[in-house]
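Asks: What follows is a single structure, and I will ask about it in a moment.
The values are calculated or read from the model by the stated rules, or taken from the named source; none is laboratory data. In this text the structure is predicted, and so the values were computed from the model without any measurement. Ideal geometry is used to build each Cβ from the backbone, glycine not excepted, and the neighbour counts take in all protein chains shown.
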């Protein structure tokens, strides 16, 4: 198994819906692994419910599905500049 060091995990786009683990669990694990990681939450749902819960925990940004590559670029720039 390949291991990544915490300092290499810098930016992540996290989909809220995944097959084996909820987005909030993944978010918590990534933040425990590297508290400085910047996470952009992606969801087809609005900023309510679980998405709002993750945002309130310190998520760096939100992308509403479906998005274009330009949207990702702009959101990444926004998160990096913050």
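Asks: Could you say whether any residue in the stretch 15-37 is in contact with a helix residue (DSSP H, G or I) (Cβ under 6 Å, 6 or more places away or on another chain) and exposed (fewer than 13 other Cβ atoms within 10 Å of the Cβ)?
Replies: yes
Asks: Now a separate question. Any idea how many residues of the stretch 47-57 are in a loop (DSSP other than H, G, I, E, B) and either in contact with a helix residue (DSSP H, G or I) (Cβ under 9 Å, 6 or more places away or on another chain) or modelled with pLDDT of 85 or more (or both)? Quick ask: steps written out before the conclusion?
Replies: Taking the stretch 47-57 and keeping what is in a loop (DSSP other than H, G, I, E, B), we get 47-49, 57.
Still in the list and also either in contact with a helix residue (DSSP H, G or I) (Cβ under 9 Å, 6 or more places away or on another chain) or modelled with pLDDT of 85 or more (or both): 47, 57.
Qualifying residue count, the stretch 47-57: 2.
Asks: Looking at this structure, is residue 76 touching a residue at least 40 places away in the same chain (Cβ under 8 Å), part of a helix (DSSP H, G or I) and surrounded by 15 or more Cβ atoms within 10 Å (Cβ to Cβ)?
Replies: Details: touching a residue at least 40 places away in the same chain (Cβ under 8 Å): yes; part of a helix (DSSP H, G or I): yes; surrounded by 15 or more Cβ atoms within 10 Å (Cβ to Cβ): yes.
Judged against the criteria, residue 76 is a match.
Asks: Which residue pairs have Cβ atoms under 6 Å apart, sit 6 or more places apart or on different chains, and have a first residue in the stretch 9-37 that is within 21 Å of residue 67 (Cβ to Cβ) and a second that is assigned to a loop (DSSP other than H, G, I, E, B)?
Replies: Pairs found: 23/16; 30/37; 37/9.
Asks: For the stretch 58-69, what are the residues that are at pLDDT 85 or above and exposed (fewer than 13 other Cβ atoms within 10 Å of the Cβ)?
Replies: 58
Asks: Residues in the stretch 45-57 that are touching a residue at least 24 places away in the same chain (Cβ under 8 Å) and either touching a strand residue (DSSP E or B) at 6+ places or on another chain (Cβ under 7 Å) or loosely packed, with under 12 Cβ neighbours inside 10 Å (or both): how many?
Replies: Within the stretch 45-57, the subset touching a residue at least 24 places away in the same chain (Cβ under 8 Å) is 45, 50-51, 53-54, 57.
Filter once more, so that each one left must be either touching a strand residue (DSSP E or B) at 6+ places or on another chain (Cβ under 7 Å) or loosely packed, with under 12 Cβ neighbours inside 10 Å (or both): 51, 54.
Adding up the residues that qualify gives 2.
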